[in-house]
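Report on one structure; see the data block that follows.
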Amino acid sequence: MVKITIDGKKISAKEGETVLKAAQRAGIFIPTLCNNDAVKPYSACRMCLVEVAKNGRTKLVTSCDYPVEEGIEVNTNTERIQRDRKVILELLIARTGETPELKKLAEKVGVKEVRFKVRNFDDCILCGLCVRVCDEVVGAHAIGFRGRGMEREVVPPFDVENEQCLACGACAEICPVNIIDIFEHDGTRELPKWHKKSRLVACRVCGKYFATEEEIEMIRAKTGLPDEILYVCPDCREHNFTI
Amino acid sequence: MRSIRKKEDLLNLYENLRKEREKQGKFISVCVDTGCLATGSGAVFSALKEEIAKAGLNPEGEGVKKILRGTGSLGFDSENPVVVIYPEKIFYRKVRPGDAKYIVHKTLLNGEIIERLLYKDPETNEPIPYLDDIPFYKHQKRLLLANHGIIDPLSIEEYISIGGYQALLKALTEMEPPQIVEEVKKSKLRGRGGAGFPTGIKWEDAAKRDSDIKYVICNADEGDPGAYMDRSLLEGDPHSVVEGMIIGAYAVGASHGYIYVRREYPKALESATKAIEDAREAGLLGDNILGTGFSFDIEIARGGGAFVAGESTALMASIEGKPAEPHTKYIHATQAGLYSKPTVLNNVETWANVPIIINKGADWYGNIGTEKSKGTKIFSLVGAVKNSGLVEVPIGTTLREVIFDIGGGIASEKKFKAVQTGGPSGGVLPESLLDMPIDFDTLTKAGSMMGSGGMIIMDEHTCMVDVARYYIDFLSKESCGKCTPCREGLRQMLDILTRITQGEATMDDLDLLEELSYVVKDASLCGLGQTAPNPVLSTLKYFRDEYVAHVRDKHCPAGVCAALIEYEIIPEKCTGCLACKVRCPVGAIEGEKGEVHKIDPDKCIRCGICMEVCTFDAVRIK
Amino acid sequence: MPQLPVEPAKAVSEILSRYHGDPARMIEILQDLQEIYRYLPKEVIEEVSHQTEIPINRIYHIATFYKAFHLEPRGETIITVCTGTACHVRGSFRTLDLLSERLGVKPNETSGDLKYTLETVGCVGACALGPIVIINGKYYGHMTPDRMDRVLKRMGIIEKYS
Ligand SMILES: Cc1cc2nc3c(=O)[nH]c(=O)nc-3n(C[C@H](O)[C@H](O)[C@H](O)COP(=O)(O)O)c2cc1C
Ligand code: SF4
Ligand code: SF4
Ligand code: FES
């Protein structure tokens, strides 16, 4: 156990955990956008900045990847942090327009107006969560970053449909601003953002569509399971229904 | 060359080479680094070679007994191509291939000085025959650049012949690793890559780590668009960097090293590669160096062209074959750096200081510089200055001494306006700060940075808003784009600055620009974003009037911002000669021969050709 | 799609062997491949991914991140304008604007007929000579719009001035 102070509150944190984690467990709110427990911290959105005082020196750090250390004093809501957060959100809203998710956060951190002129040229906030979940969890490596600086964007390689994409939808699930659409119709699943169209597989027991062909093939390649299991949906499998 | 296996081998080799070299006291040096070659020094070298051969001498020389040497840059770039005749150091400037004949016959063979090739004192117009008497050199202290001009950088024998690798010998055979770390700590050497972190402390931390493998890296990415001392060091004296790295590796216990070279520097890449190969062949890299049981080798990593790749975590990612994206440094590289192993990363110039410190000792070194920053620093003095090139001075020298005593002041009749130091991370300093001693702390306090040593002189015809916009434009493209404040913040700063230069901004925009600058500094992930607003904040601090002129009066006082200027022809001066009319690329000039010409401001693209070609000074900026 | 001069599978395996197949040398591997093709065709990048087993999303990110790489074919004549600070304060932007006007291409673009590529570079480390323009590897120092225009005419890139 590591003893730290957050906003004046004494907290016992777990060895090796992040300041963000410790704060969350203690019920202290720190805004985040690029962080998700499913993937490694990335410290890119910079919303989670906090001040950490150690040996009489204060520094600004991202709480999502700053490890707790004995005796540190954390402040999550100083004037400086409030200013920085507000401007960062203004910058993001200038980029994407006022999506419901950002609007909610903006209200919470006190953004009153967006003062920047260049507006609405992309709806993605480049948090990288979709890329990381696809790399780290799904293992499909189907999407990634392109370019650098202001030109940076998330695309499938060459911005065309690719075979690696399983159309599993993990990216859509994790996107904090909900901009990855998924459509299902007539036995296909579509993710227009990645130009991906995939055929769905129906459960051989109940007949419901439950996975894409690519997903089934990936599981087959990984586990070597036979068709009798592969083509049965999780629901039916749970009830031991067989073909 | 035979392998050096033990201490005595190197000592004997040095003795022999030194004597060999002394047999040929008189020799000619021609600078053949990238900058000089671009001015035609290659042809001068060939011509000299031919003339020497014609005179019946062997231009190549035998081993280190050379009559003609192609060397690293002598630094006085505005006088290139430069030829120096040793041992007297007769300095010839702006030499053409046709001069070779005279240099060989008159100066080399007969000791005669050719007056027309000499540098002339700008005040008295008196020719100055010897290098050391020229103001550009007189006020410098050339330690790191000492070998430029006297050795062929591509030859390890040449380096050894003047005492090269003696520091390595001392370090490996007379000192224990902790003693070396202590010596470097005591020397108060601070990193020359920009931030000025104490090198000894970095080494100490890496040395105490327990690890099966450790790395040392030389940062030769040199991304500052206006600095080239690292290129020059690698091209002109690559072994001094290699020697420094071997000593550092021994001190911290590293077995493997990298030199990360910027791809825009093909010649530096070539000479670093050659130096490593030669050192390996000689036995100074590889297994069991000098029979001490210490093994270490160096590899070259070629950069892919990205300013941010110079940042330490990005550089290591790049060596690992990934995009150069920084990550947070809550765990230091000395603990977990390249491939998560303890790593020491230092700049080219930092490494080159190491052999000097070991050779002469920290006490000697401590006599140069200021209380907190020791040694010399190389600056690339460029822009509107008369004498431009690389200058090396003790840290603590004032800006005025560098710009006026060495640089000779402003090149034209225009007035000095500002000096930019620290590149894109640095700031712009006004005339009132010229007597400030240059060191890491004073520059930072003034809102600039030491940076890698770029020093760009600006005269009255430089617009400070345009300069700020220039840097932000550069950085917004060079940012990796990972974190919000840097990527989006720079985008918005660029937008505001662009609107200012176009006369479309309001006074509120100025305040917003300032607030945004502070947030970008505060909240960005890496040093790029954290320092990116410096050019804006420093110009706002020292040249606010100029911003206000653009915003309020829609006027660019320096006459630079295209949207706010108009070219016009002065009727009284125009002779109607057609010179400008035929040259205007967009046909914006009207008027028949003999009649006063007129520029159509709507067609004009502000290229300024008309002003350049008019021999009657009849074109001006309104 | 024009035929590639060298079979990607062959070129890639050859270059990879130069680096003992070490994927950490990706930047160098791609640079060497680009030397063969003068840009990085999609097929080549796919082949690198195939042979190194490095996911293509990462290689694509690298290839679009570093300035060294080009994913589109480039012009026969490559005109590079140094926009380093020293060159900028001496007015290199005017020369760049003029070139853009003359060649009908924007900076860092290639003309439709693949004749010219106009590009900028951060700094070539020869600041004292600035502004610098490099045409197919040849350095031109102290460039101004006037001098640039004369060079263009001499090279036959423009026929007449106005
Ligand atoms: C954006 C950015 C670019 C940098 N570029 C360079 C560079 O080109 N060369 C260099 O030596 N250091 C550069 N640095 C500094 C390095 O991160 C690092 O501090 C330095 O190489 C350490 O060596 P030193 O202690 O010897 O200076 C850069 C830093 C940042 C933030
Ligand atoms: S698409 Fe969504 S998850 Fe992916 S980077 Fe953009 S905002 Fe983040
Ligand atoms: S500060 Fe800029 S360069 Fe550094 S990580 Fe953030 S976006 Fe990348
Ligand atoms: S949540 Fe920490 S930087 Fe995004």
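A few points about this structure:
- The residue that is nearest to the chain's Cα centre (by Cα), among those in the range A:53-75 that are in a strand (DSSP E or B) and not charged (D, E, K, R), is A:THR62.
- Of all residues in the range A:147-160 being closer than 30 Å to B:MET493 by Cβ and within 8 Å of another protein chain (Cβ to nearest Cβ), the one that is most open to solvent (accessible area, probe 1.4 Å): A:GLU151
- The listed residues are B:VAL82, B:VAL30, and the only one of them that is at pLDDT 95 or above, aliphatic (A, V, I, L, M), in contact with a helix residue (DSSP H, G or I) (Cβ under 6 Å, 6 or more places away or on another chain) and outside the structural domain of B:VAL385 (by TED's automatic domain parsing) turns out to be B:VAL30.
- Criterion violated by B:ILE565 - all others in (1) modelled with pLDDT of 95 or more; (2) out of contact with any Ser or Thr (no Cβ under 9 Å at 6 or more places or on another chain); (3) of a type in the set (Val, Ile, Thr) satisfied: (1)
- The set of residues in the range B:447-464 that are open to solvent by 10 Å² or more (accessible area, probe 1.4 Å) and among the hydrophobic types (A, V, I, L, M, F, W, C) contains only B:MET449.
- Residue match in the range B:495-508 (condition: at positive phi, away from ligand 1 (no atom under 16 Å from the Cβ) and not assigned by TED's automatic domain parsing to the domain that holds B:THR328): yes
- Residues located in the range B:518-535, provided they are in a helix (DSSP H, G or I) and within 16 Å of ligand 1 (Cβ to nearest atom): B:VAL520, B:LYS521, B:ASP522, B:ALA523, B:GLY527, B:LEU528, B:GLY529, B:GLN530, B:THR531, B:ASN534, B:PRO535
- Residues of the range C:97-115 satisfying the condition of being in contact with a helix residue (DSSP H, G or I) (Cβ under 7 Å, 6 or more places away or on another chain) and either at the interface with chain B (Cβ under 7 Å from one of its Cβ atoms) or open to solvent by 40 Å² or more (accessible area, probe 1.4 Å) (or both): C:LEU98, C:ARG102, C:LYS106, C:PRO107
- Verdict on A:ARG119 being modelled with pLDDT of 95 or more and either more than 30 Å from A:LYS54 (Cα to Cα) or more than 18 Å from the chain's Cα centre (by Cα) (or both): no
- Tally of residues being surrounded by 21 or more Cβ atoms within 10 Å (Cβ to Cβ) and either under 19 Å from A:HIS141 (Cβ atoms) or in contact (Cβ under 8 Å) with a residue 60 or more places away in the chain (or both) across the range C:28-46: 5
- The range A:161-199: number of residues that are away from chain C (no Cβ under 14 Å), within 12 Å of ligand 2 (Cβ to nearest atom) and in a helix (DSSP H, G or I): 5
- Only one of B:LEU494, B:LEU525, B:LEU564, B:LEU512 that is open to solvent by 10 Å² or more (accessible area, probe 1.4 Å), in contact with a His (Cβ under 8 Å, 6 or more places away or on another chain) and within 13 Å of another protein chain (Cβ to nearest Cβ): B:LEU525
- Residue in the range B:226-239 that is under 20 Å from B:THR292 (Cβ atoms), in a helix (DSSP H, G or I) and open to solvent by 10 Å² or more (accessible area, probe 1.4 Å) present: no
- Here A:GLU163, A:GLU136 are screened, and the one residue that is at pLDDT 95 or above and either polar (S, T, N, Q) or surrounded by fewer than 18 Cβ atoms within 10 Å (Cβ to Cβ) (or both) is A:GLU136.
- Selection status of B:GLY408, out of contact with any Ser or Thr (no Cβ under 7 Å at 6 or more places or on another chain), open to solvent by less than 40 Å² (accessible area, probe 1.4 Å), outside any strand (DSSP E or B) and more than 16 Å from B:LYS541 (Cβ to Cβ): yes
- Looking only at the range B:470-484, residues that are part of a helix (DSSP H, G or I) and either open to solvent by 10 Å² or more (accessible area, probe 1.4 Å) or not assigned by TED's automatic domain parsing to the domain that holds B:PRO535 (or both) come to 5 in all.
- Residue in the range C:129-145 that is assigned to a helix (DSSP H, G or I), at the interface with chain B (Cβ under 9 Å from one of its Cβ atoms) and at pLDDT below 95 present: yes
- Residue in the range B:326-340 that is farthest from the other protein chains (Cβ to nearest Cβ), counting only those that are out of contact with any Asp or Glu (no Cβ under 8 Å at 6 or more places or on another chain) and open to solvent by 30 Å² or more (accessible area, probe 1.4 Å): B:ALA333
- Every residue from the range B:212-224 that is open to solvent by less than 40 Å² (accessible area, probe 1.4 Å) and either away from chain C (no Cβ under 11 Å) or over 9 Å from the mean Cα position of the chain (by Cα) (or both): B:LYS214, B:TYR215, B:VAL216, B:ILE217, B:CYS218, B:ASN219, B:ALA220, B:ASP221, B:GLY223
- Out of B:VAL548, B:VAL467, B:VAL536, one residue alone is more than 14 Å from chain A (Cβ to nearest Cβ), surrounded by fewer than 24 Cβ atoms within 10 Å (Cβ to Cβ), of a type in the set (A, V, I, L, M, F, W, C) and at negative phi. It is B:VAL548.
- Flag for C:SER100 being assigned to a helix (DSSP H, G or I) and closer than 30 Å to C:ALA11 by Cβ: no
- Just one residue in the set A:VAL50, A:VAL39 is away from ligand 1 (no atom under 16 Å from the Cβ), of a type outside the set (S, T, N, Q) and in a strand (DSSP E or B); that residue is A:VAL50.
- Residues located in the range A:78-95, provided they are in contact with a Lys or Arg (Cβ under 9 Å, 6 or more places away or on another chain) and surrounded by fewer than 20 Cβ atoms within 10 Å (Cβ to Cβ): A:LYS86
- Considering the range C:1-66, the qualifying helices (runs of 4 or more DSSP H), each wholly inside and each with 3 or more residues that are at the interface with another protein chain (Cβ under 10 Å from one of its Cβ atoms), run over C:26-37, C:42-52, C:56-65.
- Some residue of the range A:96-108 being more than 14 Å from ligand 2 (Cβ to nearest atom), more than 17 Å from A:ASN35 (Cα to Cα) and within 13 Å of another protein chain (Cβ to nearest Cβ): no
- For the range B:485-539, residues that are touching a Cys at 6+ places or on another chain (Cβ under 7 Å) and within 15 Å of ligand 3 (Cβ to nearest atom) total 6.
- Residues (at pLDDT 95 or above and of a type in the set (Gly, Ala, Ser)) located in the range B:85-111: B:GLY98, B:ALA100
The values are calculated or read from the model by the stated rules, or taken from the named source; none is laboratory data. Small disclaimer: the values here were computed from a predicted structure and weren't measured. Note that we place each Cβ from the backbone using ideal geometry, even for glycine, and neighbour counts take in every protein chain shown. The accessibility values were calculated without ligands, DNA or RNA, using every heavy atom of the protein model including side chains. Shrake-Rupley method; radii C 1.70, N 1.55, O 1.52, S 1.80 Å.
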